[in-house]
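Taking it in order: structure first as C-alpha cells, then the write-up.
The values are calculated or read from the model by the stated rules, or taken from the named source; none is laboratory data. In this text, all values refer to a predicted model and were calculated from it rather than measured experimentally. Ideal geometry is used to build each Cβ from the backbone, glycine not excepted, and the neighbour counts take in all protein chains shown. Heads up: the accessible areas ignore ligands, DNA and RNA and are worked out on the full protein's heavy atoms, side chains in. Shrake-Rupley method; radii C 1.70, N 1.55, O 1.52, S 1.80 Å.
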Amino acid sequence: MSVAFEVAAEAGVSRAPQRVVESDTDLVEYYFELGWSDGLPVVPPTLDKIEAVVGALGGDPQAVIARVAPRWGILTCEVLAINMVMAGCKPEYAPVVKAAVLALCDPSFNLNGVQATTHVASPLLIVNGPIAREIGMNGGCNAFGSGNRANATIGRAIRLVMLNVGGGWPGELDKSTLGHPGKYTYCAAENEAQSPFAPYHVERNYKPEDSTVFVIAAEAPHSVTDHVSNDPEGILDTICSAMSTIASNNAVLSGHCTVVLGLEHAQTIAKHGWTRNDIRNYLWMHHGNRFHDLARGHRYGNVYNRNLPKWYKRAPDSRIPIIPSPDNIHLFVMGGEAGRFSAFIPGWGHMSTPVLRAIDNVAGAPNGICVGGTCFL
C-alpha cells in the first residue's frame with residue numbers, strides 16, 4: 001500500500017475530519033478540485049505546517065477569531081492557519097494576518113458590503129512599525145508589485161479567508177462587475193526608514209515602537225507622474241488633478257481615500273518644511289469637481305446626488321470635494337529612491353470606514369482605533 005498524507009479537510013470549516021490521500025496524489029490539482037483556491041496554485045496545508053502556524057497564533061486551534069461576512073463563517077485559529085499555509089505564509093506572519101482579519105471584521109469596515117458590492121473595491125492593507133521590518137515586508141521599490149513573499153502571501157491569506165470563510169466567491173456573493181488585481185493580494189508596508197515624515201501610525205497617536213495594520217476598501221493605485229515640479233504646491237496640484245475626477249466612487253459617495261507619496265516627491269515636499277498636516281489640508285482645499293460636471297449639466301434631467309451634504313453649494317461652478325475633510329485623506333510614503341511618481345487610491349465611499357489596529361503582542365500599543373474621524377475604539 002502506498003504511503004498516505006494527512007491534509008486539512010476544509011479551508012473554511014474548523015475541526016473537519018482530515019482527509020487521507022495517497023502519496024501519488026497531485027496535491028496542487030487536488031486543491032483546485034476542492035475549490036479552495038483564488039485561481040492560483042496553493043501550498044498543500046499538511047498537518048505539520050498547520051500546527052506551526054496555530055502555535056504562532058497562540059496554540060489553541062479552536063479559539064474563535066472572528067465571523068467573516070457575507071457568509072458569516074466562523075474563523076478559528078485552525079482555519080486561519082490552513083488558509084495562511086495555502087497562501088504560502090511563514091508562521092511569523094501570523095500576528096499581522098490575524099490583526100488584519102480583525103480589522104476587516106470590525107463592523108465599521110462593513111466587510112459584508114465590500115465583499116458583495118458591484119464596485120471594484122478590495123481591502124488594501126498597509127503595515128507600520130517594527131514588525132514590518134522584522135518579517136521583511138516591502139515598502140520600497142515596487143511596493144505594490146511582485147517579488148516580496150511577505151507582502152504577497154499576507155495579502156493572499158486575507159483573500160483566501162474572504163473566499164473560503166466569508167464566501168465571497170465571484171459571481172456568487174461577490175458581485176463585483178470588474179474587480180481589480182488587488183483582489184489577489186493588496187498589501188504593503190510604509191517606507192518608514194527613508195520617509196522624511198513620521199510614520200502614518202505615529203500621526204494617528206501610536207508610538208514608533210508600536211506595530212499596526214491599516215485597512216481601507218480601495219480601488220487600484222492611480223499613478224501620479226510629476227517630473228517637473230520642484231516645490232510642494234506643484235507636486236500636490238498634480239495629485240489634486242488625480243483626485244479631481246467624476247469617475248471614482250469618492251466623487252459620488254464621498255468617504256475616504258489614500259494618497260501614497262513616492263519617496264522623491266515626499267523628500268521635495270519635506271525640504272520646504274511642510275508637514276503631513278499641511279499636505280492633507282492643501283490637497284483637500286485645492287481638489288474637487290464642479291457641481292455642473294457631477295450633474296452632467298442636467299443633460300439627463302435635474303440630477304441630484306442625495307449623498308452630497310446639505311451645506312455644499314449647488315451652483316454650476318461650486319467646488320464639490322470628493323471627501324468631507326482632510327482627515328479622510330490617509331497619507332503614506334512608499335517607493336524606491338528613483339522616480340518622481342506618487343499614487344492616488346480612491347476608496348469605496350461612505351459605506352466603509354477604514355480601520356487602524358494595533359498588532360497583538362506589541363508592547364504598549366492600544367487595542368485598536370477606527371480612523372473614520374468619529375469612531376475611536
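General remarks:
- Against the main long axis of the alpha-carbon atoms of the chain, helix 232-243 sits at an angle near 70°.
- Mean separation of Cα contacts under 8 Å (6+ apart) over length of the range 14-86, as relative contact order %: 33 percent
- Cα pair distances of the chain binned at 20 Å [whole percent]: 29, 54, 16, 1, 0
- Computed from backbone phi with θ = phi - 60° and the Karplus coefficients 6.51, -1.76 and 1.60, the 3J(HN,Hα) list for the range 34-45 is 6, x, 9, 9, 8, x, 10, x, 10, 7, x, x Hz; x is used for glycine and proline.
- In the chain, the DSSP-assigned H stretches of four residues or longer account for a calculated mean residue ellipticity at 222 nm of -8000 deg cm²/dmol, using -39500 (n - 2.57) per stretch and the full residue count as denominator.
- Debye-sum result for the range 196-320 in log10 I(q)/I(0), which assumes one identical scatterer on each alpha carbon, at q = 0.10, 0.13, 0.19 Å⁻¹: -0.41, -0.66, -1.15
- Database remark: amide H of Ala66 closer than 5 angstrom to the amide H of Leu75 (H placed geometrically; neighbours at sequence offset of 5 or more, or on other chains; Pro and chain starts carry no H).
- Neighbours of Ala157 by Cβ distance under 15 Å: Lys/Arg scored +1, Asp/Glu scored -1, total +4.
- The range 215-270 - percent of accessible surface contributed by carbon and sulfur, probe 1.4 Å: 51 percent
- Per residue value of the accessible surface for the chain (all protein chains in place, 1.4 Å probe), Å²: 43 Å²
- Loop-located chymotrypsin sites (Phe, Trp or Tyr not before Pro) in the range 26-100 whose Cβ has at most 15 other Cβ within 10 Å (DSSP): Trp72
- For the range 156-233, fraction of C-alpha pairs farther apart than 14 Å, in %: 75 percent
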